Amino acid sequence: MPVISVPYAFNEEALYVDLRSIFGQSLFLKCEGFNFAGSIKLKAATEMVETAERDGVLTPNSILVESSSGNLGVALSMIAASKGYRFLCVTDSRCNLSTRMMMEALGSQVHIIAGQEANGGFLGARIEYVRALCASDDRYVWLSQYTNPSNWKAHYRKTAPEIARQFPHLDVLFVGAGTTGTLMGCARYFREWHRPVHVVALDSVGSVAFGGTPGRRMIPGLGMSIRPPLLDESYVDEVIRVEEADTIRACHRLARAGFLFGGSTGTVVSGAMGWLARHDARELTAVAIAPDLGERYLDTIYQTNWLQDLYGKDVLNPDKVATGSRAGSPTPPTRSGNRPDLQNGDLSGKRRHQLQDRKT
């Protein structure tokens with residue numbers, strides 16, 4: 001029986017859901033929402049705060065400030081409350097109401113950005129506000145999840161080894177891309193592992209994280225309106241972009257099987273199922289990471305009026321939900337030259353043989 005004295009001391013690291021009975025393809029979904037912050041962001045938040053404390057950046061008089069679409073803000077709110085820091089979360093109108101209320105319940109201040117910056121969207125406007133705030137008062141300490149190496153190091157040290165312990169014969173890993181902290185930490189770890197692992201990044205259509213044309217994105221969590229500073233595409237084997245309508249359908253299909261997950265998970269599962277269907281994956285060991293659970297999305301992804309206003313009445317067509325989501329088009333990373341086994345978002349002959357050899 002775990003007994004803890006601080007809320008960030010507990011995280012369930014070894015819970016997986018096999019999605020074969022729901023989607024017809026075997027995919028082990030690593031559930032990261034079972035901690036007091038409710039998401040995988042607890043790992044990055046803890047690592048960034050503790051590093052800042054060791055480096056002497058955080059002092060008792062410091063005021064933490066961070067730009068967040070939600071989950072990191074909750075994690076930092078919880079840690080700040082436990083450690084006695086003041087915390088200001090700078091977010092925007094896409095942040096779920098329940099998430100904002102949770103941060104405020106934990107004693108944090110929440111500032112909502114209404115407008116968008118010309119080239120960086122809501123994220124650019126949030127970052128500009130944080131920079132101005134820090135310039136106005138040196139008590140503010142910006143951890144900067146977008147550039148802080150402790151973000152990816154948390155997953156290099158924790159998330160990836162957790163997966164490796166449970167799946168010593170892992171073949172394919174699916175990771176959603178936001179700040180790319182989780183993606184980079186896991187990809188770096190498995191690049192050094194004793195066997196090759198095909199790392200697939202899942203991004204939202206409209207995100208420019210891996211290049212492309214910016215577009216409307218209403219579901220927080222994945223995707224970026226600027227290139228993620230932490231991203232090194234040489235560690236990524238493949239990129240798949242997923243339409244938000246497919247994200248929603250995957251979430252609702254999971255919910256109809258009794259599993260309520262957040263939007264990021266819907267994106268990852270939708271893209272992963274499309275990848276598995278396109279490849280001979282019957283004997284491959286595939287794992288995907290579910291960043292959070294679905295309670296914070298009840299007034300958005302699971303609210304019919306919100307969905308139909310944004311995506312049309314057909315988005316929850318029973319036939320489309322029942323048959324699953326179509327996968328977004330696979331898109332190779334820009335620097336595919338660094339990975340000779342990547343060709344047009346598919347497995348090259350060499351890479352395919354490597355995976356097939358593991359079956360014997």
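How do the pairs read when you match residues in the stretch 65-83 that are in contact (Cβ under 8 Å) with a residue 60 or more places away in the chain and open to solvent by 10 Å² or more (accessible area, probe 1.4 Å) with residues anywhere that are in a strand (DSSP E or B) and not aliphatic (A, V, I, L, M), using Cβ under 6 Å and keeping only pairs 6 or more apart or on different chains?
71/39; 71/292
Which members of the stretch 1-10 meet the condition of being surrounded by fewer than 18 Cβ atoms within 10 Å (Cβ to Cβ) and either within 17 Å of the chain's Cα centre (by Cα) or modelled with pLDDT of 95 or more (or both)?
Filtering the stretch 1-10 for residues surrounded by fewer than 18 Cβ atoms within 10 Å (Cβ to Cβ) gives 1-7, 9-10.
Matches in the stretch 1-10: 3, 4, 5, 6, 7, 9, 10.
Within the stretch 23-32, can one find any residue that is assigned to a loop (DSSP other than H, G, I, E, B), of a type in the set (Ser, Thr, Tyr) and under 22 Å from the mean Cα position of the chain (by Cα)? Spell out how you get there, then give the answer.
We begin by selecting, within the stretch 23-32, every residue assigned to a loop (DSSP other than H, G, I, E, B); these are 24-27, 32.
Okay, now just the ones that are also of a type in the set (Ser, Thr, Tyr), so 26.
With under 22 Å from the mean Cα position of the chain (by Cα) added as a condition, the list becomes 26.
Checked against the condition, which is being assigned to a loop (DSSP other than H, G, I, E, B), of a type in the set (Ser, Thr, Tyr) and under 22 Å from the mean Cα position of the chain (by Cα), the stretch 23-32 yields at least one hit.
Considering only residues that are closer than 28 Å to residue 197 by Cα and assigned to a loop (DSSP other than H, G, I, E, B), which ones fall in the stretch 221-236?
Passing the criteria: 221, 222, 223, 224, 226, 227, 228, 229, 230, 231, 232, 236.
Just the residues that are among the β-branched types (Val, Ile, Thr) and in a strand (DSSP E or B), please, taken from the stretch 148-198. Walk me through how you get there before you give the answer.
Going through the stretch 148-198, the residues among the β-branched types (Val, Ile, Thr) turn out to be 159, 163, 172, 175, 179-180, 182, 197.
Answer for the stretch 148-198, where residues must be among the β-branched types (Val, Ile, Thr) and in a strand (DSSP E or B): 172, 175.
Taking into account only those residues within the stretch 220-250 that are open to solvent by 20 Å² or more (accessible area, probe 1.4 Å) and small (Gly, Ala, Ser), which is nearest to residue 309 (Cα to Cα)?
Only one residue tops the list, namely 245.
Can you tell me which residues in the stretch 199-216 are surrounded by 16 or more Cβ atoms within 10 Å (Cβ to Cβ), in a loop (DSSP other than H, G, I, E, B) and in contact (Cβ under 8 Å) with a residue 40 or more places away in the chain?
Here is the first cut: in the stretch 199-216, the ones surrounded by 16 or more Cβ atoms within 10 Å (Cβ to Cβ) are 199-210.
Narrowing further to those that are in a loop (DSSP other than H, G, I, E, B): 205-208, 210.
Correct list: 205, 210.
What residue, among those in the stretch 84-97 that are surrounded by fewer than 17 Cβ atoms within 10 Å (Cβ to Cβ) and either hydrophobic (A, V, I, L, M, F, W, C) or at pLDDT below 95 (or both), is farthest from residue 226 (Cα to Cα)? Spell out how you get there, then give the answer.
First, pick out the residues of the stretch 84-97 that are surrounded by fewer than 17 Cβ atoms within 10 Å (Cβ to Cβ): 84, 86, 93-94, 97.
Of the ones still in play, those that are also either hydrophobic (A, V, I, L, M, F, W, C) or at pLDDT below 95 (or both) are 93-94, 97.
Numbers: 93: 18, 94: 17, 97: 25 Å.
Per the criteria, the residue is 97.
Would you tally the residues in the stretch 41-70 being farther than 22 Å from residue 137 by Cα and modelled with pLDDT under 95?
2
Keeping to the stretch 251-292, report how many residues are open to solvent by 10 Å² or more (accessible area, probe 1.4 Å) and among the β-branched types (Val, Ile, Thr).
Of the residues in the stretch 251-292, 1 are open to solvent by 10 Å² or more (accessible area, probe 1.4 Å) and among the β-branched types (Val, Ile, Thr).
Does residue 213 count as over 16 Å from residue 275 (Cβ atoms) and in contact with a Leu (Cβ under 6 Å, 6 or more places away or on another chain)? Steps first, answer last, please.
Numbers: over 16 Å from residue 275 (Cβ atoms): yes; in contact with a Leu (Cβ under 6 Å, 6 or more places away or on another chain): no.
So residue 213 fails the test.
Which of (1) without any contact (Cβ under 8 Å) to a residue 60 or more places away in the chain; (2) open to solvent by less than 50 Å² (accessible area, probe 1.4 Å); (3) of a type in the set (A, V, I, L, M); (4) under 27 Å from residue 295 (Cα atoms) does residue 123 not meet, given it meets every other one?
Among (1) without any contact (Cβ under 8 Å) to a residue 60 or more places away in the chain; (2) open to solvent by less than 50 Å² (accessible area, probe 1.4 Å); (3) of a type in the set (A, V, I, L, M); (4) under 27 Å from residue 295 (Cα atoms), the lone unmet condition for residue 123 is (1).
Restricting attention to the stretch 1-22, which residues are in a strand (DSSP E or B) and among the aromatic types (Phe, Trp, Tyr)? Break it down stepwise before answering.
Taking the stretch 1-22 and keeping what is in a strand (DSSP E or B), we get 11, 16-18.
The answer is 16, and nothing else.
I'm trying to understand the selection: among the residues of the stretch 145-182, which are under 16 Å from the mean Cα position of the chain (by Cα) and among the small types (Gly, Ala, Ser)?
Within the stretch 145-182, 150, 154, 160, 176, 177, 178, 181 qualify.
From the list 227, 249, 278, pick out the single residue that is of a type in the set (D, E, K, R), touching a helix residue (DSSP H, G or I) at 6+ places or on another chain (Cβ under 7 Å) and touching a residue at least 12 places away in the same chain (Cβ under 8 Å). Explain how you work it out, then say what you get.
On the way: 227 fails: touching a helix residue (DSSP H, G or I) at 6+ places or on another chain (Cβ under 7 Å); 278 fails: touching a helix residue (DSSP H, G or I) at 6+ places or on another chain (Cβ under 7 Å).
It is 249.
Restricting to the stretch 237-296, name every residue that is closer than 15 Å to residue 175 by Cβ, acidic (Asp, Glu) and in a loop (DSSP other than H, G, I, E, B).
237
Condition first: of a type in the set (A, V, I, L, M, F, W, C) and open to solvent by less than 20 Å² (accessible area, probe 1.4 Å). Now tell me which residues in the stretch 18-40 satisfy that. Reasoning before the result, please.
Step one: of the stretch 18-40, the residues of a type in the set (A, V, I, L, M, F, W, C) are 19, 22-23, 27-29, 31, 34, 36-37, 40.
Within the stretch 18-40, 19, 27, 29, 31, 37, 40 meet the criteria.
The values are calculated or read from the model by the stated rules, or taken from the named source; none is laboratory data. This one's a predicted model, so the numbers in the text were calculated from it and none came from an experiment. Using ideal geometry, Cβ is built from the backbone for each residue, glycine included, and neighbour counts are taken over all protein chains shown. Surface accessibility is based on the protein's heavy atoms, side chains included, excluding ligands, DNA and RNA. Shrake-Rupley method; radii C 1.70, N 1.55, O 1.52, S 1.80 Å.
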